[in-house]
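Asks: Have a look at this one.
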Amino acid sequence: VAFFTNPSACTGEPLVTSVRMDSWQSPGRYTADGTPDFSDLNWAGATSVAPAVTGCNLLQFSPGLSAQPETTVADSPTGLNIDLQVPQSEDPSTLATPPLRDASIVLPAGISLNPSAADGLGSCSVAQIALESPLAPVCPESSKVGTVELQTPLLPGTLGGSVYLAAQEENPFHALVAAYIVVDDPVTGTVLKIPGELKLDPVSGQVTGVFDQAPQFPFSDLRLHFFGGQRGVLATPQACGTYAIGSMLSPWSAPDSGPAASPSDSFQVTSGCVGAFTPGFDAGTVATQAGGFTGFTTTISRGDQDQNLGSVSITTPPGLLGILKSVAQCPEAQASAGSCGQGSLIGHTTVAAGVGAHPFYLGGQMFLTGPYKGAPFGLSIVVPAIAGPFNLGNVVVRARILVDPTTAQLTIVSDALPTILRGIPLALRTVNVTVDRPGFIFNPTSCEPMSVTGTISSTQGAQAQVSSRFQAANCATLPFHPLFSVSSTAKTSRANGAALDVKVSYPQGSQANIHSVAVKLPVQLPARLSTIQQACPAAVFNQNPASCGAGSMIGIGTAITPVFNNSLSGPAYLVSHGGAAFPDIDVVLQGEGVTLDLVGHVNISKAGITSASFFAVPDAPISSFELNLPEGPHSGLSAVGSLCAKPLTMPTTITGQNGAVITQTTKIKVTGCAKAKKKGTKRKARKKRKKTKKGGGKKG
């Protein structure tokens, strides 16, 4: 067996052999790690130059590759075993096999890094690996992601070692993910350190390991084992099928010895193929007291082998609202950048990412924003992506908050959830969002059984309709004492009709909200038929109420609520629906980007008595509400006779969201009537006139 082997790189450079010596009289200095410090002049040196090697074109390089994941189950954590074989010849009559210099191992698209592995994971710094030192590295055990076994014709037996994860960007490649293959054999004292970069495709997450400029150290077999288990460093593809692992291997004799070798291997994923989409869903309030402040939490989850989460739409029950005026709305620039202030903070989020039974959990914050994508409000959900030794920056997910114009229900529609970050597929497993700002969210004042509903979409286009039961409690304990008053004016005319002003107010304190109001006008205040004939068609109103004719606008509504900083106000229209005997009263309340539509159904009896019923008032708190129907050319009411002739009343039924009912006869206060004269005034006036006549007959 040959003892020496010439180098395999035909660089054209001569081979230089050097020697350093010191003397007993003047010993040379050593560095702290025990290597000679040749800058010390006590070390004397000499060199010998030999001709450059030639004939690299005659060398043969025929490596083999075996690469297999530890499991064939789809969408599962896995380890990976890679075996590189470079057959070696020890016969002195033949040429040696050139050592491997550059290696690229290309994993198939679908095999990716697994975020679950980040739990407890560490990294090895440049100082700890000490690539230029012949000593063994001092990388922390937590940075070990695999093991190494190496067989070489230079030494007997099998040499062992480890694969360490390099510190993010603090590595020779300044890369996000890099690794060190270290052979550290204590028996022979052999230490080899080979740095490599793991390149990640930013779209697919495909992994390519690049280990270039390995030392000219011949080996016949190099086995790498990357750890598996529930926190395996890799994840298998989601789809079943056959997958190929390729390579590009170049020896030190390249390019003279020919093109790079490209041995490959393949494996199959045979079970657990991703296809179903059955996400879990749970939502509800922390406290159930009707009308009371509470937290609200929503959790969406999926299992391994389920399609990935794509986007989410959630609709809350009627009456589950928030005190918006208590929160500063984050401006758009800060919301998109994930830099909202704490004054906009309304909640927190927890996200679990990675495949396997132990995903990695991350926490974040949720902020209320101003208008977003046409909605009056939005959310900025910010999650710092810090997992183990990796800091991938902030992940910002935006959502819009829509307000139903009839029920005031909230619908939160998220943008697409992130699926990959800097080449690392996130494999989101659980997303929890909790609104926990004190004094913000409050429960409905209705205790009817309801639900939180939603639509969850997958990245492959599947949709799942989800629902979680919801019900407030103790509605009967809520007081219900709205104050209802009505007024009109004595000034009426055939041309301008009559006016009516209706006011509802609440005393301070928690109360049940109004569910419906039904009123019956006195016969002296009938609906004005000429105005009814100008009602706005429903199709026009639904397209844009502002397009309705002037004759259909009969008044103005104004609501003051503790939810907003400013009042909501807007016109009241008569709107005709095909097939309906009489038009509805639609009060369009607007403010702070929100539009609410209060609908009152009008009926006129054969006796000419007009009644109006608002059957579906939103379960929302109000401090006061006023509906003013003025007189004018398009007044909604006319007058029969004098409104001052006798007291006017309006039978009224007010029903609370908690089921409480108030039935009363509301007096209509008429302003502008002549004051009634006191008793005895006419008798005194007659006596005064008689006395004046008697006195007037005498000469002055």
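Asks: If I go through region 22-46 residue by residue, how many of them are at pLDDT 95 or above, part of a strand (DSSP E or B) and open to solvent by 100 Å² or more (accessible area, probe 1.4 Å)?
Replies: Counting residues in region 22-46 that are at pLDDT 95 or above, part of a strand (DSSP E or B) and open to solvent by 100 Å² or more (accessible area, probe 1.4 Å) gives 0.
Asks: Check every one of the strands (runs of 3 or more DSSP E) wholly within region 433-541 and list those with 2 or more residues that are closer than 30 Å to LEU417 by Cβ and open to solvent by less than 30 Å² (accessible area, probe 1.4 Å).
Replies: Hits in region 433-541: 450-458, 463-470.
Condition check ((1) at positive phi; (2) surrounded by fewer than 22 Cβ atoms within 10 Å (Cβ to Cβ)) across all residues:
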| residue | (1), (2) |
| --- | --- |
| SER48 | no, yes |
| GLY55 | yes, yes |
| GLN60 | no, yes |
| PRO63 | no, yes |
| GLU70 | no, yes |
| PRO77 | no, no |
| ILE82 | no, yes |
| SER93 | no, yes |
| LEU107 | no, no |
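Asks: For region 24-51, which positions are in contact (Cβ under 8 Å) with a residue 24 or more places away in the chain and within 30 Å of CYS10 (Cβ to Cβ)?
Replies: Result: GLY45, ALA46, THR47, SER48, VAL49, ALA50, PRO51.
Asks: With respect to SER266, determine if the residue is polar (S, T, N, Q), over 30 Å from PHE442 (Cβ atoms), touching a Leu at 6+ places or on another chain (Cβ under 7 Å) and at pLDDT 95 or above. Show your work before the answer.
Replies: On the way: polar (S, T, N, Q): yes; over 30 Å from PHE442 (Cβ atoms): yes; touching a Leu at 6+ places or on another chain (Cβ under 7 Å): no; at pLDDT 95 or above: yes.
Criteria not met by SER266.
A quick yes/no check of all residues on (1) surrounded by 10 or more Cβ atoms within 10 Å (Cβ to Cβ); (2) on the phi < 0 side of the Ramachandran plot; (3) at pLDDT below 95:
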| site | (1), (2), (3) |
| --- | --- |
| PRO651 | yes, yes, no |
| THR655 | yes, yes, no |
| GLY659 | yes, no, no |
| ILE668 | yes, yes, no |
| GLY672 | yes, no, yes |
| LYS677 | no, yes, yes |
| ARG683 | no, yes, yes |
| LYS694 | no, yes, yes |
| LYS698 | no, yes, yes |
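Asks: I need the full set of residues from region 291-312 which are open to solvent by 30 Å² or more (accessible area, probe 1.4 Å) and assigned to a strand (DSSP E or B), in order please.
Replies: Across region 291-312, the qualifying residues are PHE293, THR297, THR299, SER301, SER311.
Asks: Within region 313-326, track down each residue that is part of a helix (DSSP H, G or I) and not small (Gly, Ala, Ser). Spell out how you get there, then give the answer.
Replies: To start, the set of residues in region 313-326 that are part of a helix (DSSP H, G or I) comprises 324-326.
LEU324, LYS325, listed by residue number.
Asks: Among PHE217, PHE281, which is closer than 30 Å to LEU154 by Cα and either out of contact with any Cys (no Cβ under 6 Å at 6 or more places or on another chain) or open to solvent by 40 Å² or more (accessible area, probe 1.4 Å) (or both)? Step through it out loud before you land on a result.
Replies: Numbers: PHE281 fails: closer than 30 Å to LEU154 by Cα.
PHE217 is the lone residue from the list that is closer than 30 Å to LEU154 by Cα and either out of contact with any Cys (no Cβ under 6 Å at 6 or more places or on another chain) or open to solvent by 40 Å² or more (accessible area, probe 1.4 Å) (or both).
Asks: Checking the condition modelled with pLDDT of 95 or more and either outside any strand (DSSP E or B) or within 24 Å of the chain's Cα centre (by Cα) (or both), which residue from GLY284, GLY275 passes?
Replies: Working: GLY275 fails: modelled with pLDDT of 95 or more.
Among GLY284, GLY275, only GLY284 is modelled with pLDDT of 95 or more and either outside any strand (DSSP E or B) or within 24 Å of the chain's Cα centre (by Cα) (or both).
Asks: Since ALA581 meets every condition but one in (1) over 29 Å from GLY439 (Cβ atoms); (2) surrounded by 17 or more Cβ atoms within 10 Å (Cβ to Cβ), which condition does it not meet?
Replies: With respect to (1) over 29 Å from GLY439 (Cβ atoms); (2) surrounded by 17 or more Cβ atoms within 10 Å (Cβ to Cβ), ALA581 is out only on (2).
Asks: Identify the single condition in (1) open to solvent by 50 Å² or more (accessible area, probe 1.4 Å); (2) within 28 Å of PRO69 (Cβ to Cβ) that PRO134 does not satisfy, given that it satisfies every other one.
Replies: It is condition (2) that PRO134 fails.
The values are calculated or read from the model by the stated rules, or taken from the named source; none is laboratory data. None of these values were measured; they are calculated from a predicted model. Here the Cβ is made from the backbone with ideal geometry for all residues, glycine too, and neighbour counts use every protein chain on show. The area values use the complete protein model at the heavy-atom level, side chains included, leaving out ligands, DNA and RNA. Shrake-Rupley method; radii C 1.70, N 1.55, O 1.52, S 1.80 Å.
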